[in-house]
Amino acid sequence: MKKLIEKAKSEHNLNQEELLALLKSNDCNEQLFQAADDVRRQFVGDEVHLRALIEFSNICKNNCCYCGLRRDNKNIERYRIDEETIFQLAEHAVRNMGLKTIVLQSGEDMFFTTDKLCRIIRRIKTLDTALTLSIGEKSLEEYEAYRQAGADRFLLRIETTDRRLYEELDPGMSWKKRAECLKNIGLSGLETGSGCLVGLPGQTVESYADDILFFKQIKADMIGIGPFIPHKDTPLKDAAGGTLTMALKVMALTRLLLPDINIPATTAMETLEADGQVKALQAGANVIMPNVTLTQYRKHYELYPGKSATNYTPDESLCKVKEKIAAIGRSVGQGYGSHRH
Ligand code: SAM
Ligand code: SF4
């Protein structure tokens, strides 16, 4: 096991069988996390890049069985933040909070047409900031339009590379189409962000190994790994959910195989354990996405329970994140934190 970790650390390559051996065994988890931490320091340094997350609409036409925003969930108050307020949130994050990337995330809400989105992108880009979108499956022309309007990056998790499971849990959606979208994001000139869930019912270690190899194959610029947390108003309400340990292992192996990409310590990791994000920062992660959405909206963007449970304002949350980063001897990124090839 130790030899495999050393190999991954020096060659940044493992085959499916080698990945499986490391995923199955818990004997060397600490060594695995340490190796991912070393590779992170060597390739992307000690800076932690902060991205301001704005959840601008919780309306979604899709029905993903794991997600609290799914179309059939009637126990949720739906909202859309208007263009002016989205801009003001972004302006506050950049000018007053000093954040260098804005992430606009939403359900697949058809109200936000390409024209509307491009207008918002152009306006936000008048601020000194990088801009990431996480708004679901679009056409190549739409990704190109966002790029031309000034967007820099796009996040679209593949969720799982197990096609059968994906299509079972994302009714009406096609795995091939999602993979095609990831290809088109790259073609449009946007940085490609993807990732997966860990702990969906039916997911196996074999499929996590495939996920990691898929991230390498698509030459991802960013990868977010989130433990699945069951939501009471979804068909998966009684599922066991993912563990922090397995999510950290998938993340650490992703760092070893894609040494120079951006990897967030995800909010879902923090939701599972109070120091989940710090553990992630010490096992390969180099990004945190503080939420700057106003609490009045944020409480309705509940993908999973506990996600929105905070009484802190965006400014207070940012202070807490900065304290955590300083406490482990790391520093806040000063630049835009784009993928350094
Ligand atoms: N609608 C867009 C999409 O699906 O790409 C972007 C927003 S979506 C809410 C962002 C991510 O939330 C999804 O890619 C999914 O991995 C994650 N997510 C949804 N439900 C979750 C749950 N119950 N536990 C953990 N993560 C979840
Ligand atoms: Fe909609 Fe994204 Fe949730 Fe699926 S994961 S229901 S696409 S918001």
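The values are calculated or read from the model by the stated rules, or taken from the named source; none is laboratory data. This structure is a prediction, so every number in the text was calculated from the model and none was measured. Please note that ligands, DNA and RNA were not included when accessible areas were found on the heavy atoms of the full protein model with its side chains. Shrake-Rupley method; radii C 1.70, N 1.55, O 1.52, S 1.80 Å.
Of the residues 208, 312, 166, the one that moves most in a GNM of the chain with alpha-carbon contacts below 10 Å is 312.
How many angstrom separate the Cα center of region 176-210 from the Cα center of region 48-83? Each part reduced to its Cα centre gives a spacing of 19 Å. The figure for residue 319 is an accessible area of roughly 80 square angstrom, using a 1.4 Å probe on the protein chains alone. Taking all protein chains together, 154, 43 sort by accessible area into 43, 154, largest first [probe 1.4 Å]. Taken over region 18-326, the convex hull of the Cα atoms encloses 121 Å³ per residue. Derived value for region 214-318: Kirkwood hydrodynamic radius 14.7 Å. Basis is the mean of 1/r over every pair of different alpha-carbon atoms. The Cα atoms of region 30-93 define a convex hull whose projected area, averaged across directions, is 7.8 nm². Per residue, the accessible area of the chain comes to 41 Å², computed with a 1.4 Å probe over protein heavy atoms only. Within the accessible area of the chain, the carbon and sulfur atoms contribute 49%, probe 1.4 Å, all protein chains present. Across 179, 36, 247, mean-square fluctuation computed from a Gaussian network of the chain (C-alpha pairs under 10 Å connected) peaks at 179.
Summarising the amide proton neighbourhood of residue 291: residues at separation of 5 or more, or on other chains, whose placed amide H is nearer than 5 Å comprise 53. Between 29, 96, 262, the Gaussian network model of the chain with springs among Cα atoms under 10 angstrom shows the greatest mean-square fluctuation at 96. Using the rule -39500 (n - 2.57) for each DSSP H run of four or more residues, divided by the residues of the chain, the 222 nm mean residue ellipticity is -12500 deg cm²/dmol. Between residue 191 and 153, 154, the built amide H atoms are under 5 Å apart, and every one of these is 5 or more places off in sequence or on another chain.
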